[in-house]
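J.: First the structure, which I've put down as structure tokens, then a few questions once you've had a look.
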Amino acid sequence: MAVINLQKGQKIDLTKGNPGLTKIMVGLGWDEAAKSRSGGFLSSLLGGKPPEIDCDASALMLDANDKLTRKDRLIYFGNLQSVEKSVKHSGDNLTGGGDGDDEQIHVDLAMVPAEIHKIVFVVNIYDCVKRRQDFGHIANAFIRVVNSGNGQELCRFNLTEDYSGKTSLIVAEVYRHSGEWKFAALGEATRDASLSEIIRRYQ
């Protein structure tokens with residue numbers, strides 16, 4: 001089965017077309033744009049390059065009203081799994097270096113509590129204001145969904161827009177619909193300067 005490459009705004013069925021699918025891995029990846037590492041004249045005077053760009057992926061487990069009602073429903077580098085262990089974070093990648101996924105979030109769809117209707121995946125740049133960094137310094141960002149049972153990549157969404165000046169991305173969501181699970185490619189960029197600011201959208 002060929003991987004489905006999604007465009008912004010597209011949605012696909014996950015479980016309806018894949019009988020028995022219960023566990024997925026959501027991989028998020030990005031690279032630092034080459035131009036962002038050229039420190040320039042000021043940097044050379046100071047004796048070094050700009051700090052590494054540290055992107056953080058997180059998952060928000062929302063109720064039927066798109067609300068984050070409990071702190072433990074936020075899965076990120078400071079809380080690596082939900083209470084019932086249906087959503088687990090692989091841990092923080094501080095630089096985005098290397099090929100493939102930079103951070104992974106594993107979801108056991110069968111274990112997601114009934115009151116959770118949507119899992120939203122977001123990425124923000126750590127300490128972006130102080131470091132004067134934004135997603136214009138990031139290249140090759142993507143999110144993909146893999147069937148954890150057989151390792152098959154089900155779909156991929158490459159974020160190809162120019163996100164210069166934006167500091168957070170609401171990348172995609174996995175949500176319930178008529179008893180099945182679906183995936184939606186969002187690619188919505190914001191100027192939220194921290195994960196705390198993103199969370200306010202869902203409170």
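Laboratory data are not the source of any read-out in this text; all were calculated from the coordinates shown. Computed from a prediction, not measured in an experiment: that's the story for all the values here. Cβ: placed from backbone, ideal geometry, glycine included. Neighbour counts: every protein chain shown.
J.: Based only on other Cβ atoms within 10 Å, what is the fewest-to-most ordering of SER82, SER178, SER90, SER168?
T.: SER178, SER90, SER82, SER168
J.: By counting other Cβ atoms within 10 Å of each Cβ, how are THR160, THR167 ranked from fewest to most?
T.: Ascending number of Cβ neighbours within 10 Å: THR160, THR167.
J.: Another question about this same structure. Return the calculated 222 nm mean residue ellipticity for the chain, to the nearest 500 deg cm²/dmol, obtained by summing -39500 (n - 2.57) across DSSP H runs with n ≥ 4 and dividing by the residue count.
T.: The helix-only estimate for the chain comes to -2000 deg cm²/dmol at 222 nm.
J.: Return the sequence-ordered ³J(HN,Hα) values of the stretch 174-182 in whole Hz as given by the Karplus equation 6.51 cos²θ - 1.76 cosθ + 1.60 applied to θ = phi - 60°, using x for Gly and Pro.
T.: Values, residue by residue: 10, 9, 7, 8, 6, x, 10, 10, 10 Hz.
J.: When ILE75, ILE116 are ordered from fewest to most other Cβ atoms inside 10 Å of their Cβ, what list results?
T.: Final ranking by Cβ density, sparse to dense: ILE116, ILE75.
J.: How many lysine pairs are close in the stretch 52-144, with Cα atoms under 23 Å apart and the two 8 or more places apart or on different chains?
T.: Going through the stretch 52-144 pair by pair, I get 8.
J.: Suppose every Lys and Arg Cβ carries +1 and every Asp and Glu Cβ carries -1, with no other charges. What dipole size does the chain come out with about its Cα centre, to the nearest 20 debye?
T.: Here the size comes out at about 320 debye.
J.: Report the residues of the stretch 54-71 in range of a label on ASN79: point 7 Å along Cα→C-beta, backbone N strictly under 15 Å from it.
T.: Zone members listed by number: 58-63, 67-71.
J.: Also, I was wondering about something else. With only alpha-carbon pairs counted, each pair once and no self-pairs, how large is the Kirkwood hydrodynamic radius of the chain in angstroms?
T.: 17.4
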